[in-house]
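The next block holds one structure in the form of C-alpha cells; read it before the comments.
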Amino acid sequence: MSTQVTFRIWRGEKGAGQLRDYTTEISSGMVVLDAVHRIQATQANDLACRWNCKAGKCGSCSAEVNGKPRLMCMTRMSDLPADKPITIEPLRAFPHLRDLVTDVSWNYDVKKKIRKYQPRKPDNPDGTWSMEQDDIDRVQEFRKCIECYLCQDVCHVLREHGLHPDFIGPRFLVYSAALEMHPADTADRLPDLKNDLGIGYCNITKCCTKVCPESIAITDNAIIPLKERVVDRYYDPIKRIFRAITGSGGD
Amino acid sequence: MSTIHVPVTRNGFGRTSRPDAWWVVPLLTFLGLGAFVVYVTWAAFQGVHYRFGPYLSPLYSPEIFGDPRTAWFGGKPDWFPSFLPFTPALLVLWAPGGFRFSCYYYRGAYYKAFWADPPSCAVGEPRKSYCGEASFPLILQNIHRYFLVVALIFLPILWHDVWEGFWFDTGFGVRAGSLILLVNTILLTGYSLGCHTLRHQIGGILDQLSRRPIRKQGYRMASCFNRSHMLWAWTSLFSVAFSDLYVRLCSMGIWTDWRIF
Ligand code: SF4
Ligand code: SF4
Ligand code: FES
Ligand code: FES
C-alpha cells in the first residue's frame, strides 16, 4: 500500500535557508532515507544529504527527524505520523554546510585530545596480554559506538549553550570511559576529564542515552561512573585525607 | 580544546521541531515531585499521628527524640533551641531528603522539570548561561556518597520497623498496615541498592573486577537494581508518602486497619 506524505526539508547553505515542502509516495517498508532519496531523484536533484551503509552502521545519515536526532536509514516511515508533514533538518550542534549536511570535524579534533590507550607491560612472554571476559564486557558496550554524533547533537551543553571549547560531549565521555575502564590501560585521564574535558558540565539529563542508535547506556554506564571517579579523586575529603595518610594515588 | 564556530541558532524557550507532547513527562515530574515535597513537609511539621499500634511512619523513623514512651532517647531534649520547630521527623528527614535530592536520577529529572535545563530533549531553554555541575552551587551534589552512607544506616532501622509492624497486642499478625510498611521498605531497599554511587564503590571503581569475586557479585547486584533505578525511585517515593498517610489516617480514626490474620 502506498500513501502520499509531505516532507519539510531544510534547504540552504551555511546556516541560511528555510524548510521546503516535498510530497512523495511512501510504500511499506520504507525508511526516511529512502524518502529523501526519492525526493532527490524526482524533485530536488541538488538536495545534499550524507549516507553510506543504509544499515545503521556507518553513522553518516544523522539528521533531525521531527525534531529528534535520528539515523535516517533506521527511522521507519511506519513509525512516524503520516498525516502531518515530517520535518527533516540537519544536526544543529555543528556548523552547517548545505541542506542536510553539517561539518562534524570538530569531533575528530576532540578525539585527538583524549589520552591514548597505554597498556601495561605485556603479561606473557610473547608480548600479549591476558584479560578476563568479565573485565572486558563493560568496555565492549562502549565499542559499539558508530560515531553518528546524534548524542553530541542532542546534548544541550553543545546544542543550546555552544560550550564546544569546554565540553567534549557524551560521545567522547563514552570513548574516555572505554579507555579509562579498560583492564590493561594505565593512563590517568581523571585530571583531564575534570579540567579540560568538562565532565562537570553534564547534568545527567540522559538525552544522549535516549537517542543512541546503538543503545549504549551512555549516562548510566559511562558518564556517571566517570563522574564518580572524578569525585573520588577531587571532591571526597575523606578519600583525600586517606590518600594523604597512606600515600596512595595522587592528583 | 579546539574551538568551533557554530551559529547556535537558539530558538528560545520551548521552541522545537518536535511535534510530540514533549512537555508531558517534565510536567508529570514537576507535579509528582512537587506534590511529594508539599505533602512530606506538611506531614513532617505535624508531630502527631505518626504512630498507630505497632506502626511507625517512615517519615518519622528513627524516632530519636519525640514521644517519651516510644522514642530512643525520650522526649524533646532540653538543649534543643526553642526557636526551632521540633518534631521527630524534622530531626531525621534531612538524611533521606538529601539522599534523594542529590541522587543522579532525580538530579537529571528535576533539572528538566523545575529548571528547564533543558525543558525536554532538543527543546529550547530559557537561559543562555550555563555552568552545569562544574561549579558552585551544583558541584555540591557530589556530596551524594555521604548521604548514601546515612541511607544505608537507615535501612536496617526501617526493616526493624517492618518487623515491629507484624506484632500486635494479640501477638503476631498480618494487617494491611504491616504489608504497606513491608512493601515500602522493599522499595526503599531496591532504590538504595541501585544507587550509582554504591555501584561505583562496590565494584565500578575497579578495572579488574574478576580478581575480586565478592565485589564482582556485589557489582552485578547493584547493576541489576541500577538498571531500573528510575522505577525504584518513583515507586519508593510514592510508597513513603502513602505509608505515612496510611498510618496518619488510621491514627486519626478515618481509616480502619484491615486485619488479614
Ligand atoms: S546526560 Fe550529560 S552528556 Fe548526555 S545529553 Fe545530558 S548533559 Fe549531555
Ligand atoms: S554513543 Fe551512540 S549516539 Fe553517540 S556517537 Fe556513539 S553511537 Fe552515536
Ligand atoms: S547510512 Fe550508514 S548509518 Fe545510516
Ligand atoms: S544515584 Fe540515585 S540514590 Fe544514588
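The values are calculated or read from the model by the stated rules, or taken from the named source; none is laboratory data. Just so you know, these numbers come straight off a predicted model, no measurement behind them. Methodologically, a virtual Cβ is constructed for each residue, glycine included, from the backbone with ideal geometry; neighbour enumeration extends over all protein chains shown. When the accessible area is computed, the model is the full protein with side chains, heavy atoms only, and any ligands, DNA or RNA have been set aside. Shrake-Rupley method; radii C 1.70, N 1.55, O 1.52, S 1.80 Å.
Would you check if A:Q18 is within 22 Å of A:F94 (Cβ to Cβ), free of Cβ contacts under 8 Å to residues at least 40 places away in the same chain and not in a helix (DSSP H, G or I)? Let's see the steps before the verdict.
Working: within 22 Å of A:F94 (Cβ to Cβ): yes; free of Cβ contacts under 8 Å to residues at least 40 places away in the same chain: yes; not in a helix (DSSP H, G or I): yes.
Judged against the criteria, A:Q18 is a match.
The residues of region B:147-172 that are at pLDDT 95 or above and assigned to a loop (DSSP other than H, G, I, E, B), listed by number, are B:G165, B:F166.
Would you check if A:D232 is acidic (D, E) and under 30 Å from A:C61 (Cα atoms)? No: the conditions fail for A:D232.
Those residues that are open to solvent by less than 60 Å² (accessible area, probe 1.4 Å) and within 16 Å of ligand 1 (Cβ to nearest atom), I need them from region B:69-115; list them, please.
Step one: list which residues in region B:69-115 are open to solvent by less than 60 Å² (accessible area, probe 1.4 Å), which gives B:70-71, B:74-75, B:77, B:80-81, B:86-93, B:95-100, B:102-113.
Hits for region B:69-115 are B:C103, B:Y104, B:Y105, B:Y106, B:R107, B:G108, B:A109, B:Y110, B:Y111, B:K112, B:A113.
When the residues of region B:148-163 are filtered to those that are under 15 Å from the mean Cα position of the chain (by Cα) and in contact (Cβ under 8 Å) with a residue 60 or more places away in the chain, which remaining residue is nearest to ligand 2 (Cβ to nearest atom)? Looking at the filtered set, the residue picked out is B:F154. In region A:54-61 there is at least one residue that is touching a Lys or Arg at 6+ places or on another chain (Cβ under 7 Å) and either assigned by TED's automatic domain parsing to the domain that holds A:R159 or closer than 11 Å to A:I88 by Cβ (or both). Annotation note: of B:S223, B:S210, the sole residue that is modelled with pLDDT under 95, in a helix (DSSP H, G or I) and more than 16 Å from ligand 2 (Cβ to nearest atom) is B:S210. No other residue among A:R76, A:R70 is within 16 Å of ligand 3 (Cβ to nearest atom), farther than 14 Å from A:L150 by Cα and touching a residue at least 24 places away in the same chain (Cβ under 8 Å) apart from A:R76. Evaluation of A:V157 against the conditions (1) in contact with a helix residue (DSSP H, G or I) (Cβ under 6 Å, 6 or more places away or on another chain); (2) within 16 Å of ligand 2 (Cβ to nearest atom); (3) more than 9 Å from chain B (Cβ to nearest Cβ) shows that the sole unmet condition is (3).
Going through B:R145, B:R127 one at a time, which residue ends up being under 25 Å from A:P165 (Cβ atoms) and away from ligand 2 (no atom under 16 Å from the Cβ)? Walk me through it before giving the result.
Values: B:R145 fails: under 25 Å from A:P165 (Cβ atoms).
Unique residue meeting the criteria: B:R127.
Just checking, does region B:191-198 include any residue being open to solvent by less than 20 Å² (accessible area, probe 1.4 Å), within 13 Å of another protein chain (Cβ to nearest Cβ), touching a helix residue (DSSP H, G or I) at 6+ places or on another chain (Cβ under 9 Å) and in a loop (DSSP other than H, G, I, E, B)? Checked against the condition, which is being open to solvent by less than 20 Å² (accessible area, probe 1.4 Å), within 13 Å of another protein chain (Cβ to nearest Cβ), touching a helix residue (DSSP H, G or I) at 6+ places or on another chain (Cβ under 9 Å) and in a loop (DSSP other than H, G, I, E, B), region B:191-198 yields at least one hit. Would you say B:G218 is in a helix (DSSP H, G or I) and not basic (K, R)? So B:G218 passes the test. Of all residues assigned to region A:22-43, none qualifies as being within 24 Å of the chain's Cα centre (by Cα), more than 16 Å from ligand 4 (Cβ to nearest atom), touching a residue at least 60 places away in the same chain (Cβ under 8 Å) and surrounded by fewer than 22 Cβ atoms within 10 Å (Cβ to Cβ).
Determine, yes or no, whether B:H144 is part of a helix (DSSP H, G or I), open to solvent by less than 20 Å² (accessible area, probe 1.4 Å) and at pLDDT 95 or above. The answer is yes for B:H144. Filtered by the rule that a residue be more than 11 Å from A:P170 (Cα to Cα), more than 16 Å from ligand 3 (Cβ to nearest atom) and among the polar types (S, T, N, Q), region A:206-237 gives a lone residue, A:N221.
In region A:146-154 there is at least one residue matching the filter, namely being among the charged types (D, E, K, R) and open to solvent by 10 Å² or more (accessible area, probe 1.4 Å). When B:P118 is tested against (1) touching a helix residue (DSSP H, G or I) at 6+ places or on another chain (Cβ under 9 Å); (2) away from chain A (no Cβ under 14 Å), only condition (2) is not met. Counting only helices (runs of 4 or more DSSP H) that sit wholly inside region B:27-123, those with at least 1 residues that are touching a residue at least 24 places away in the same chain (Cβ under 8 Å) and under 30 Å from A:L91 (Cβ atoms) are B:104-113. Of the residues making up region B:164-177, just one is among the small types (G, A, S) and without any contact (Cβ under 8 Å) to a residue 60 or more places away in the chain, namely B:G171.
When the criteria are applied in full, B:A21 meets the requirement of being part of a loop (DSSP other than H, G, I, E, B), modelled with pLDDT of 95 or more and either within 21 Å of B:L155 (Cα to Cα) or within 14 Å of chain A (Cβ to nearest Cβ) (or both). When A:T42 is tested against (1) more than 16 Å from ligand 3 (Cβ to nearest atom); (2) within 20 Å of A:E147 (Cα to Cα), only condition (2) is not met. Helices (runs of 4 or more DSSP H) fully within region A:164-251 that include at least 3 residues being open to solvent by less than 10 Å² (accessible area, probe 1.4 Å) and either at pLDDT below 95 or at the interface with chain B (Cβ under 10 Å from one of its Cβ atoms) (or both): A:224-230.
Restricting attention to region B:130-141 and to residues that are within 16 Å of ligand 4 (Cβ to nearest atom) and part of a helix (DSSP H, G or I), the residue that is nearest to the other protein chains (Cβ to nearest Cβ) turns out to be B:L138.
Among the residues of region B:236-253, is any at the interface with chain A (Cβ under 10 Å from one of its Cβ atoms) and closer than 21 Å to B:Y105 by Cα? No.
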